[in-house]
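Trainee: Okay, handing you the structure first.
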C-alpha cells in the first residue's frame, strides 16, 4: 500500500467515488482512501457473483518475516498452530496483547525463504513493534514492507481463469490454475514477480495479489484487459469498489477487523474463533485468558448474524416522490438491537455491518455484537432501522453460500 494508492489518478479519471477507510496512518496521518464504487453498484456486485472483479486494496498491509526460526517464533506468539506449515500454505490467526485482546487479525502466507503477514493497515505498526519486542536471540527479522508493495484482489467464479490469462505460460502458471483454498503461490505477471494467495471472502473464489507498488497500474490494467479483450471463455472483468465487496462478504459471513470486531475484542467474541484459534497448541501471548474463556463457554458479548424482515417504510410524499422505488429498511452501523420479548428495555447489542442481500431476495441482513447470554440462534430481536423498528432473528454469521455443484474450481 503506497499512500495514496498508485491507482488514484486512474480512479479519479474513471470518476470513482472515494471514501476514507478509518483514520490516517503513519507519522503524517496520511489518509487511506478506497474506491466506494465506480457508479454502478449493481453491475459491480453482479460481477462478483457472475464473472470477476478487480478491487484496489490500499487498506491492507504486508509484513515480512524472515530467518530460520521464524515459524517456531511465530507459533509461540499467535493463536493459530503454525507448526508443520509448508511452503505454499496459508493460515489465519490472531495476534493478541497480554490482556487477550486482538491487536491484529492476520493471515500468514508461507514461502520457503519468508513468511508474509497480511494485516489491516492500521494494525501494521503495532504488530511489528509488538512481535519485535519478543525477539531476543532468535534468528528472526520482521519488517513492514507495505510502502514498497501494493495490494489488489480479484473476486468471482472466473477469478482463476482471468489470472491464468495474465500469468500466461510464465512462472507459477500451473500452480495458479489449481490454486485451492488456503494456498499461496509465487508467480509472474508481465514479467513482474507477484504473490497470489487464495482467500475466499465473498462466497466466491478470491485471490489476493501482492506486487511492487511501481507496477500496480500496469498489472491492474492487465487484469481488466484479460476479460474485456479476450472474454476468457465468457468471463468478464469489471473494476469494483468497496460497497459491492462489502455486500458480498456480509452475505458470505465474513467479518472484518476494525469494522465488526477490533482491538477491544476477545477471540471468543468474534464469531470466527474456530478459524483463528487452536485450542490444542502450546502457550502464546494471551493464551491463558483465551483458554479460560473457552473452558467456561461464556462470553460477555458475541458477533452474530441477524436476518431482518422486509419492512418497507411508507413512501415519501410531495414533489419528486412519484416513481420512487421502495426498499426494505436497512440498519446503520451502530443501530441498537433490542430483545423482542422486552418492553422498553435497554439495548442488548449494536449493528456493526449491514446490507440488503441480492441473493436473499433483497432481505436486509446484518452483523451485530450482542450480549452473550442473549446471542442464541433463533432469538427474536428488534433492530432500529431508518426511523423504525424491524423484527429480526439471530443466526450464525453466514447468510448465503453457493451450492457445490455451482462452484467454479
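Laboratory data are not the source of any read-out in this text; all were calculated from the coordinates shown. Please read these numbers as outputs of a predicted model, since none were measured by experiment. Heads up, the Cβs are rebuilt from the backbone with ideal geometry, glycines too, and the neighbour counts pull from every protein chain shown.
Trainee: Sorting 38, 312, 367 on the 10 Å Cβ count, fewest up front, what's the list?
Mentor: 312, 38, 367
Trainee: Here's something else I'd like to know. Taking the chain as a Gaussian network, where each spring joins two C-alpha atoms under 10 Å apart, which residue of 327, 270, 352 fluctuates the most?
Mentor: The residue with the greatest mean-square fluctuation here is 327.
Trainee: Next question. Hey, what does the equivalent ellipsoid look like for the range 1-299, semi-axes from the Cα gyration tensor as sqrt of 5 times each eigenvalue, largest first, whole Å?
Mentor: Values for the range 1-299, descending: 31, 21, 19 Å.
Trainee: Here's another thing I want to ask about it. Can you sort 225, 278, 181, 10 from fewest to most other Cβ atoms within 10 Å of each residue's own Cβ? Show your work: numbers first, answer last.
Mentor: On the way: 225 13, 278 19, 181 10, 10 16.
Starting with the residue having the fewest Cβ neighbours, the order is 181, 225, 10, 278.
Trainee: Now for a different question. Can you put 400, 95 in order of Cβ neighbours within 10 angstrom, beginning with the fewest?
Mentor: 400, 95
Trainee: Looking only at the range 1-299, where both bridge partners belong to it, what percent of the DSSP beta bridges are antiparallel (to the nearest 5)?
Mentor: 90 percent
Trainee: Once you've got the GNM for the chain with C-alpha springs shorter than 10 Å, pick whichever of 240, 68, 357 has the biggest mean-square fluctuation.
Mentor: Highest fluctuation of the listed residues: 68.
Trainee: Here's another thing I want to ask about it. Using a Gaussian network model of the chain with C-alpha springs under 10 Å, which one of 209, 394, 259 is most mobile by mean-square fluctuation?
Mentor: Largest GNM mean-square fluctuation: 259.
Trainee: Can I ask one more? I need the fraction of alpha carbon pairs in the range 151-262 separated by more than 16 Å, rounded to a whole percent.
Mentor: The proportion of pairs with Cα distances above 16 Å equals 59 percent.
Trainee: What fraction, in whole percent, of alpha-carbon pairs in the range 222-289 exceed 20 Å separation? Working shown, then result.
Mentor: Working: 1267 of 2278 pairs.
Summing the P(r) tail past 20 Å for the range 222-289 gives 56 percent.
Trainee: Related question: Rg (Å, one decimal) plus Dmax (Å, integer) for the alpha carbons of the range 1-159?
Mentor: Final numbers for Rg and Dmax: 17.5, 54 Å.
Trainee: A further question follows. Give me the compactness ratio for the range 1-68, meaning the Cα radius of gyration over 2.2 N^0.38 Å.
Mentor: On the way: Rg = 14.7 Å, N = 68, 2.2 N^0.38 = 10.9 Å.
After normalising by residue count via 2.2 N^0.38 Å, the value is 1.35.
Trainee: What value, in deg cm²/dmol to 500, does the helix sum -39500 (n - 2.57) over DSSP H runs of n ≥ 4 give at 222 nm once divided by the residues of the chain?
Mentor: -5500 deg cm²/dmol
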